[in-house]
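Novice: Got a structure for you, questions after.
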Amino acid sequence: MTKVIKQHLIRSLAQGQFISGQQLGDELNVSRTAIAKHIKALTELGLDIYSVTGKGYRLSQPINLLDKNTIDSLLNDTRIVVEVHNLIDSTNDYLMRRLPNQLTQGQVCLAECQSAGRGRRGRKWVSPFGSQIYLSMYWYLEQGLSAAMGLSLVTALAVSDAIKEYCDVQVQLKWPNDIYINGVKLAGILIDLEGQALEPSHSVIGIGINLNMPEQAAKAIDQQWTDLQSHCSKNIDRSELSASIIKHLRARLVEHQNHGLTPMLDDWHQQDVFLNKAVRLLTGERVTSGICRGINNQGALMLEVNGQLKPIYGGEVSLRGAS
Ligand code: ATP
Ligand code: BTN
């Protein structure tokens, strides 16, 4: 019931008009006090709703809700299963809970809001309602976990393809999982894996992209960030951009499955934010300084240290600029 009420309130408010508590209460057959409680819960999810005596509730700006029908019709492929949720803990966790039998190849989960959005190494991904993209895709790895090497790079390239095609914005990529604009974080990728090295395995590929960051949510982010709408002249339709990401991600994953990373190396190097720049590699407390020489066909970072090239194979490492 609570879910139905919240859903009704969100859809009623989405257009950005005033609606009275009385009217909402009548439509849902609950009291105005109950409506007030649900509105408060929605503001805690990151919805910027205010109330004016005598007028009712209104969103500070209209929101463009995700629309499954638009996504399905743009994909135009009945084999692609897309689920759209209002509130979820984490789109990655949702798909991981459905392993191994309740998913089809390329199945997608999208959500308006995540209550426990995750970044790498248990970090929090700030996930306010109705303003960003939180998308996860299930991908079966027939050749085992060894085929997972490079998945975050393939995904970053697919997100870049979609953004370029959708609004002609060129992003930069940071090994192994970040997408930047003008050196500031726009989006992150999280890969969850289950299986063994040489046996058929499962991956869930999660993508979080900032589109229109609400002020309140921004306060919870402890590093520099940017959002796509600030760099793009057209009004972003989240369903259209999501469909484009799904399409490009599937295409890149199939290419990766058939030919590995080799055909994508040039694409990566053209967008690598640190290519031929001085960097620091952080491994726990340890800091290694060197020059970023891009990636190899296994997806390893090629770090030049004292004139020698060392491949770095991911894991608990972070890359930073030298200064
Ligand atoms: P690295 O992967 O190199 O360690 P990172 O510091 O970006 O880089 P990640 O684990 O990739 O770390 O991302 C999680 C971090 O991103 C969080 O600790 C937080 O600082 C930041 N963050 C959380 N939510 C957002 C968001 N919506 N937009 C941008 N940054 C965010
Ligand atoms: C990072 O930069 O560390 C990765 C952030 C990944 C966030 C996305 S949002 C969709 C999916 N669900 C999650 O809980 N995390 C990923």
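The values are calculated or read from the model by the stated rules, or taken from the named source; none is laboratory data. Because the structure is predicted, anything quoted here is derived from the model rather than measured. No Cβ is skipped: glycine too gets one built from the backbone with ideal geometry, and neighbour counts run over all protein chains shown. Ligands, DNA and RNA are stripped out before the accessible areas are found, and what is left, the full protein with its side chains, is counted by its heavy atoms. Shrake-Rupley method; radii C 1.70, N 1.55, O 1.52, S 1.80 Å.
Novice: What is the distance, in nm, between label points placed 7 Å from the Cα along the Cα-to-Cβ direction at GLU142 and at GLN270?
Specialist: Result for the modelled spin labels: 3.0 nm.
Novice: Here's something else I'd like to know. How much accessible surface does TRP125 have with a 1.4 Å probe, in Å² rounded to 10?
Specialist: 50 Å²
Novice: Another question about this same structure. So for the pair GLN61, GLU83, with labels modelled 7 Å out along Cα→Cβ, what separation do we get in nm?
Specialist: Between GLN61 and GLU83, the label points sit 3.1 nm apart.
Novice: How about region 178-276: which trypsin sites (Lys or Arg not before Pro) there lie in a loop by DSSP and see at most 11 other Cβ atoms within 10 Å?
Specialist: LYS219, LYS234
Novice: What aspartates and glutamates does LYS185 reach when the alpha-carbon gap must be under 16 Å and sequence neighbours fewer than 8 apart in one chain are set aside?
Specialist: Hits, sequence-local ones excluded: ASP222, ASP227, ASP272.
Novice: Counting pairs of alpha carbon atoms under 8 Å apart in space and at least six apart in sequence, what relative contact order in percent does region 2-59 give?
Specialist: 42 percent
Novice: Another one. Given a 1.4 angstrom probe, I'd like the percentage of the accessible area of the chain that is carbon and sulfur, rounded to a whole number.
Specialist: Result for the chain: 47 percent of the exposed heavy-atom area is carbon or sulfur.
Novice: Let me ask another. Run the simple label-point estimate for SER51 and GLU316 please: 7 Å along Cα→C-beta, distance reported in nm.
Specialist: The answer from the label model is 4.8 nm.
Novice: Would you mind checking region 149-173 for residues with the amide N under 15 Å from a putative spin-label position 7 Å along Cα→C-beta of ARG123?
Specialist: Hits in region 149-173 for ARG123 at 15 Å: none.
Novice: Could you rank ILE63, ILE245 by how accessible they are, 1.4 Å probe, largest area first?
Specialist: So, going from the largest accessible area down, we get ILE63, ILE245.
Novice: May I ask you to evaluate 6.51 cos²θ - 1.76 cosθ + 1.60, the Karplus curve with θ = phi - 60°, for each residue of region 304-315 and list the ³J(HN,Hα) values in order in whole Hz, giving x for glycine and proline?
Specialist: 8, 10, 6, x, 10, 8, 10, x, 10, 9, x, x
Novice: Running a GNM on the chain with Cα contacts under 10 Å, which residue among GLN114, GLN23, GLN61 ends up with the highest mean-square fluctuation?
Specialist: Looking only at GLN114, GLN23, GLN61, the largest GNM fluctuation is found for GLN23.
Novice: DSSP loop (so not H, G, I, E, B), at most 11 other Cβ within 10 Å: list which GluC sites (Glu not before Pro) in region 141-246 pass both filters.
Specialist: The qualifying sites are GLU142.
Novice: Let me ask something else. Which of the listed residues, SER115, VAL81, LEU95, is farthest toward the dipole's positive end in region 81-221, when Lys, Arg count +1 and Asp, Glu count -1 at the beta-carbon?
Specialist: Result: SER115, furthest along the dipole toward the positive end.
Novice: Just to confirm my understanding: which cysteines in the chain have no other cysteine beta carbon less than 4.7 Å from their beta carbon?
Specialist: When partners are defined as cysteine Cβ atoms under 4.7 Å apart, the chain leaves CYS109, CYS113, CYS292 without one.
Novice: Per residue, how large is the accessible surface of the chain? Use a 1.4 angstrom probe and give square angstrom.
Specialist: In whole numbers, the chain has 48 Å² accessible per residue.
Novice: Assuming R0 = 51 Å, what is the FRET efficiency of VAL254 and SER20, from their Cβ-Cβ distance, to the nearest 0.05?
Specialist: Once rounded, the FRET efficiency stands at 0.50.
Novice: While we're on this one: Can you flag which of LYS6/LYS55; LYS219/LYS277; LYS37/LYS234; LYS124/LYS174; LYS3/LYS55 are past 29 Å Cα-Cα?
Specialist: Cα-Cα > 29 Å for LYS219/LYS277; LYS37/LYS234; rest within.
Novice: Here is a follow-up. Going 7 Å from the Cα of GLN223 toward and past its Cβ, which residues in region 118-149 have a backbone nitrogen under 13 Å from where you end up?
Specialist: 119-126, by backbone N distance to the label point.
Novice: Placing +1 at every Lys and Arg Cβ and -1 at every Asp and Glu Cβ, with all other atoms neutral, what dipole size does the chain have around its Cα centre, in debye to the nearest 20?
Specialist: The calculation lands at about 800 debye.
Novice: Sorting SER20, SER51 by accessible area (1.4 Å probe), largest first, what list results?
Specialist: SER51, SER20
Novice: If contacts are Cα pairs under 8 angstrom and at least 6 residues apart, what is the relative contact order of the chain in percent?
Specialist: Once normalised by length, the contact order is 14 percent.
Novice: Going from most exposed to least, what order do LYS3, LYS68 have by accessible area with a 1.4 Å probe?
Specialist: LYS3, LYS68
Novice: Give the percent of DSSP beta bridges with both residues in the chain that are antiparallel, rounded to the nearest 5.
Specialist: 85 percent
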